[in-house]
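Enquirer: My questions all concern the structure below.
The values are calculated or read from the model by the stated rules, or taken from the named source; none is laboratory data. Computed from a predicted model, the values in this text were never measured in an experiment. Don't worry about glycine lacking a Cβ; one is built from the backbone with ideal geometry, like all the others, and counts go over all protein chains shown. Ligands, DNA and RNA are stripped out before the accessible areas are found, and what is left, the full protein with its side chains, is counted by its heavy atoms. Shrake-Rupley method; radii C 1.70, N 1.55, O 1.52, S 1.80 Å.
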Amino acid sequence: GDGTTDDTAKITLAINNASNVYLPTGSYKLSTKIDLTGKSVTIYGDGAKLGRANYSPKTVIISPDSDYAFKTTFPSNCYFKRLSFSGNGIDEMAGTCEECDFISTDRGIYYVRGRVTTCYFKCDNYGIYQAVDSTISNCIFDECGTAISLHGNDNRIINNRIDWNNLGIELTGASYNTIESNLFDRQTTYAITLDNASLYNNITGNLFERNLVNHISGAIWNTTINSNKFVKKPITDGDPSSEQQPNTAFAFTEFRNSNLVGNEIYAEKVNDTGIDLSITSTIKGNIVNGYDTDQIRVKIGDVTIAAGADGNAQATWSALKSSILIFANGSHFKLKCLEIIQGSNYVWYNGSNVIKNVVYDKYYNINITLHNGTADSATYNVYAIFDTINIFRINFGS
């Protein structure tokens, strides 16, 4: 444990003769990777830094040059606790890893099949490269190339802090995964990316802050994006860069058989490309820049009409769109109804004898003809109620 003596043989001897191996405070240098395949052993130390400032780890494993410290293959069930790995950490990790540091020039953990919790990752390449049937929770991923790369199925990524990485989580051929209650902040590219071989994933209840290119990108197939907050973070520390955020929230190249439901989205644009939704996709209950995208009330104008006469309220799409979503080319809407107000009285579209005619084209240039059937002149306030807003029909970048 002096940081220079090769401790590989002594640690291997302990592992071969005990189910619990304790490494007290010190730095343990390994010259070769220790293979734990077929063993069920607990290896624990006195503590790791866990990302805390001005705090030194107590038990440090110095990994072999260009290799990992340990390897354990499923169905082995090993337990690593309170260790700090200097260099690449664990090649394959079947079991549990808790309260460990991974400070690596390449990868913290190459492959996980088990549970990783309350760990700290600061890895030049990948924090965790692959996972299957695993839970990754309550960890901090800080200044990694990619925090987590999922190439497997049935994982739960829950309650982690994922910030200041190049990329947060990438899903490549990874399906049936749950990404829930995580904080994504200050990725220099994307918080989450998916390819079109990643199916049936659930992204729910996460907080997305200052991810600089897009919050979520890629092909969305059979995936639910539900109850997330994509927010603008105010400057609280006097640093103008604290307010940085993506101009466009998403970079979806496809959106098939998927759901975007109940999210709060703040961005100048929601998506940069034109997306054809499959018939089974759902986009509803989202709030975009403070507007409810399931029902938006927009004022058409005020019309004063003489007794027994007709009058017109008109609006062009270019005027309406700035009031609705502040998008470059607007969106695809469905006009739900019209709302006519005379003083404190509401007159709705259906069954109204005030509304004489409504004409609007596919671009929502609207012309409403009103009839004043009273003996006096009257002023009517005219509103349009839109719903079923599909925010991905239009190519916003054109």
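Enquirer: Looking only at segment 201-226, count how many residues are open to solvent by 10 Å² or more (accessible area, probe 1.4 Å), under 12 Å from the mean Cα position of the chain (by Cα) and of a type in the set (Val, Ile, Thr).
Expert: 2
Enquirer: Hey, another quick one. In segment 61-86, which residues are under 11 Å from residue 30 (Cβ atoms) and open to solvent by less than 20 Å² (accessible area, probe 1.4 Å)?
Expert: Initially, segment 61-86 is screened for residues under 11 Å from residue 30 (Cβ atoms), giving 61-65, 67-70, 85-86.
61, 63, 64, 69, 70, 85 - these are the residues of segment 61-86 that are under 11 Å from residue 30 (Cβ atoms) and open to solvent by less than 20 Å² (accessible area, probe 1.4 Å).
Enquirer: Follow-up question, since we're still on this one. Assuming residue 268 fulfils every condition listed in (1) surrounded by fewer than 16 Cβ atoms within 10 Å (Cβ to Cβ); (2) touching a strand residue (DSSP E or B) at 6+ places or on another chain (Cβ under 6 Å); (3) in contact (Cβ under 8 Å) with a residue 40 or more places away in the chain; (4) more than 19 Å from residue 174 (Cβ to Cβ) apart from one, which condition is it?
Expert: Among (1) surrounded by fewer than 16 Cβ atoms within 10 Å (Cβ to Cβ); (2) touching a strand residue (DSSP E or B) at 6+ places or on another chain (Cβ under 6 Å); (3) in contact (Cβ under 8 Å) with a residue 40 or more places away in the chain; (4) more than 19 Å from residue 174 (Cβ to Cβ), residue 268 violates only (2).
Enquirer: Looking only at segment 94-139, how many residues end up being within 16 Å of residue 69 (Cα to Cα) and aliphatic (A, V, I, L, M)?
Expert: Selection size over segment 94-139: 5.
Enquirer: Of these, 267, 249, which one is at pLDDT 80 or above and in a loop (DSSP other than H, G, I, E, B)? Spell out how you get there, then give the answer.
Expert: On the way: 249 fails: in a loop (DSSP other than H, G, I, E, B).
Criteria check complete, one pass: 267.
Enquirer: Which pairs have Cβ atoms under 8 Å, sit 6 or more apart or on different chains, and link a residue in segment 183-200 that is crowded, with 24+ Cβ neighbours inside 10 Å to one that is of a type in the set (Phe, Trp, Tyr)?
Expert: Sorted first by the residue in segment 183-200, then by its partner, the pairs are 184/208; 187/164; 191/184; 191/208; 192/184; 194/221; 198/221.
Enquirer: Considering only residues that are crowded, with 19+ Cβ neighbours inside 10 Å and at pLDDT below 65, which ones fall in segment 281-319?
Expert: 293
Enquirer: Something else: Return a yes/no flag: does segment 227-242 have any residue that is closer than 25 Å to residue 137 by Cα, at pLDDT 95 or above and open to solvent by 50 Å² or more (accessible area, probe 1.4 Å).
Expert: Yes; the residues of segment 227-242 include at least one that is closer than 25 Å to residue 137 by Cα, at pLDDT 95 or above and open to solvent by 50 Å² or more (accessible area, probe 1.4 Å).
Enquirer: Let me ask another. Where in segment 68-133 are there strands (runs of 3 or more DSSP E), lying wholly inside it, with at least 3 residues that are without any contact (Cβ under 8 Å) to a residue 60 or more places away in the chain and of a type outside the set (S, T, N, Q)?
Expert: Numbers: elements: 78-81, 84-86, 90-98, 101-104, 107-117, 120-123, 126-131.
So the answer is 78-81, 90-98, 101-104, 107-117, 126-131.
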